1. Say R0 is 41 Å: what FRET efficiency, to the nearest 0.05, do A:VAL189 and A:ARG385 get from their beta-carbon distance?
2. State the answer as a single residue: which of B:THR147, B:ALA320, B:LEU345 lies farthest towards the positive end of the charge dipole of the range B:109-386, with beta carbon charges of +1 for Lys and Arg and -1 for Asp and Glu, about the Cα centre.
3. Just check the range B:109-386 against the gyration tensor rule for me: Cα atoms, a ≥ b ≥ c as the square roots of the eigenvalues, rounded for a/c under 1.5, and otherwise prolate or oblate depending on whether a/b exceeds b/c.
4. Please list, in chain and number order, the residues 5+ apart from A:PHE361 or on another chain whose amide H is under 5 Å from its amide H, with Hs placed from the backbone.
5. HN-Hα J couplings of the range B:317-324 from phi, Karplus 6.51/-1.76/1.60, θ = phi - 60°, integer Hz, Gly and Pro as x?
6. Pairs B:LYS102/B:LYS385; A:LYS46/A:LYS284; B:LYS102/B:LYS334; A:LYS291/B:LYS102; A:LYS66/A:LYS284; A:LYS66/A:LYS291: which exceed 18 Å Cα-Cα?
7. Assuming R0 = 30 Å, can you tell me the calculated FRET efficiency for the pair A:THR402 and B:GLU107, based on Cβ-Cβ distance, to the nearest 0.05?
8. As a test of the definition: with a 1.4 Å probe, what buried accessible area, both sides summed, do you compute for A against B, in Å² to the nearest 100?
Amino acid sequence: MSLLTNLKPFARRLDPRRGSDQAFTSVEPGGPAVRAGWGEEPPPRKGFFTDTSICIGCKACEVACKEWNGVPQDGIFELLGSSYDNTGALGASTWRHVEFIEQRKPLGGQTTGVTIGVPETAVGAGVQLPDSGAGSFGATASSFGSVGSFDTIPGPVSGPDHSGIDLFGSLKPEPVRQPEPVKAGTPMVDLGMPSFDLPSASPDAGERTEFRWLMASNVCKHCTNAGCLDVCPTGALFRTEFGTVVVQDDVCNGCGYCVAGCPFGVIDRRIGDKNQPKDAIANKNAGIAQKCTLCYDRLGEGLTPACAQACPTQSIQFGDVDELRERANVRLADLQAAGVAGAQLYAEDPDGGVGGAGAFFLLLDEPEVYGFPPDPIVTTADLPRMWKNAGFAALGLAAAVTTAFVGGRR
Amino acid sequence: MSPGESGDPHEDNQIGQQDPGSKAANPERHDGERPRDGAIRAVPGTEGQASASATTRRTGGGGRGTRGPGRKGGGRRRKGRAEELMVPDATFTSYYGRQVVKPTPWESDIPFYLFAGGLAGGSSLLGMGADLTGRPHLRRNARITATVALSASMLALVHDLGRPTKFYNMLRVFKPTSPMSVGTWVLTAYAPGNVVAGASEVARLLDVQRFLPTRLKFLSGLLDWAARPGGIEAALLAPAVASYTAVLLTDTSTPAWHEAHRELPFVFVGSAAAASGGLGMVTAPLAETGPARMLAVIGATVELVVEHQMEKSMGFTAGALHEGTPGKLMRASKILTAVGGASALLLGRRHRAFAVASGLALVAGSVCTRFGVFEAGQESARDPKYTVVPQRERLNARRAAEAAGQDPGATPTSVRPGPPADDLQTTSPTAEHTTQENTA
Ligand code: SF4
Ligand code: SF4
Ligand code: SF4
């Protein structure tokens, strides 16, 4: 069957609706899983919509991925000196990677002149505080008092009840604390927390008004036309029924071809640690290409991938790709309406160079700022032409040898 | 519009985007995170090299998408400073100067394999020709060369694997989309005939027949009989062996390899012909080396001419072939190939010493070509400018075309444009990618 599957791209070349160059890249109706032979009705294609505009850079996803998948340590601890990013890049032992980009640029729709709300006004409405504690996070903490302030918390709803024995009482859910709105005119309390100025709060604010952090959680794109999968000579990389791309550890022989095949620089070959015993976790799957599996093991059980599950902001949204695309487009429209310059969807376009990725991104700046290629293309798209050229070259060599023996009889 | 021309939106907008400066002592990230003394010019202000190469690119017209209007420069390489100053600096943005695509984890095994594979392929052809035209020494040496080169290349291939013990997994599937899979099968089909032909020559050389017990003497006769069909079978597949390696490299996202996909097969077969012809000149007596000499001269000429063409059509990424170690290797390869080819043509017939010298130069030239192209690719993968700048130009050209209401062409994009990033060109946010037009 795998032979037939593998020959399909050539069969498609005969399809008159497609140009020959599209032969390796066209999207079949039903998505990649159907094309890969999972029958006519595989489960819906799964993927990620990573909305970087709400990422807070907490790295929960990075950690959750390592924990769930037992991915070994990624080198010794060393500061890279690039913002808060000491992981550096995706790799064989980094399947999720949170990027931190520091820019002198305001966030779209954001005014960076200091505007800290007093309690009466909605948060962020922009009324200047009196001088005391103005612009310090200590004061800000109080101004957000409507979320819950410790001196206004009502006492426990019910005290410990000794009248009966309730062994499992402590397992009952905590009573919900009812936040009490801060009354107008409540004086600001300096909590004595270490504080520093908000950007542009200081007198020399002119220099600091324009500053933003971009954070993005990068991952394998699970491309519709996956370069890594196309070039793998062992069949170790395969398309799952969820339309994702997964490496089989026990089949991969570590040829490393997929590493160069990926236009996003995602997959890599794991290097073991010679100082560790062979069966140590550092040497798990050493010499074998590794990358995000979209938690294939969890998907099979109907679970959410570990990274998405751990993401506290829903910056990583997991679901059916069709639905995620809609969500992404709505979010993009919202941001555009809000005037967020530079908002764009990345790798989502089904007509794109990788046929639309299973994991796509909403970015707030151009892709290369995030270390993404601006215009990735699956190189297999050019393969028919490359084979043709190689064929001509081979004929040329044969002709040259013939010439040498026929024409060069001396 | 190039990033430079349009006023890069990120110019001066980013701090902390320089090279990390500290070594990521991470065994898995060995290639990418190496601080690369000035080789990475991630941000505006460090764009010197990128601008020079971008100039080449712009005058040279380049990859898909930008072809056409920017083509008038005729693809000449930048000469002198005047031209350089006419074009604004090509600044580009990257994430802390880190590589975008990953270099393959391949080491010198692979360029050696490229060389040995080419040598084997060319020698098989030479061996068959010599067999059919009655040149016993050339035949013997070419057949043995082919067998030794093939064995060495196969060992190199297996040695290069992360899990060499699993090499046989290559034979699980046949995948036309994977040049490595196709190549494995081609080599598998090529090897037996080649080995038979080579073994018969070795057996004759060692006079094995004499040591065989009488009952087994027929074996050596059988081998002798099988040598010609074996040699022919190998020679039929040899051109594929010599040329598929180019597809192996170009079907990757490694910029300098992929951009070379039009010409690299011809460069590689030229190099294979030069190397095998050259080695034939070294090993065979003058009286029989006529065809080897001719093959070497043809190969060297093709290699030099097409390599020149390749550098033009590669545009910006050709820069990787000129700088650093790959630059040195490519220069050495050109000199060795040119000198070897010329002396083979003019002096190769006169004296054995000339023949040997020019043959060795050609072999060395071929080695330099393989290592040079290989290293250039690795270098182009490590340096983000080779990934970002051409793709950015392609994307900008397409956005500009879309904004001007033209058909953006068949090249697909992966970026759905948002509203203009600051004052950047781009299209309206609602610009649709029309499916039909793009795939038709
Ligand atoms: S992003 Fe790279 S590794 Fe992931 S599926 Fe696409 S080509 Fe493969
Ligand atoms: S390294 Fe493994 S997964 Fe990658 S192409 Fe080779 S065999 Fe396939
Ligand atoms: S989907 Fe699973 S394997 Fe992939 S990044 Fe998330 S946690 Fe890691």
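1. Efficiency computed from Cβ-Cβ geometry: 0.05.
2. Going by the charge dipole, the pick is B:THR147.
3. It comes out oblate by the Cα gyration axes.
4. A:THR50, A:TYR346, A:GLU348
5. 5, 4, x, 5, 7, 10, 9, x
6. The answer is A:LYS46/A:LYS284; B:LYS102/B:LYS334.
7. In this case the efficiency is close to 0.25.
8. 9500 Å²
The values are calculated or read from the model by the stated rules, or taken from the named source; none is laboratory data. These numbers were taken from a predicted model, which means no experiment stands behind them. FYI the Cβ positions are ideal-geometry reconstructions off the backbone, even for glycines, and counts take in every protein chain you see. With ligands, DNA and RNA removed, areas are computed over all heavy atoms of the protein, side chains included. Shrake-Rupley method; radii C 1.70, N 1.55, O 1.52, S 1.80 Å.
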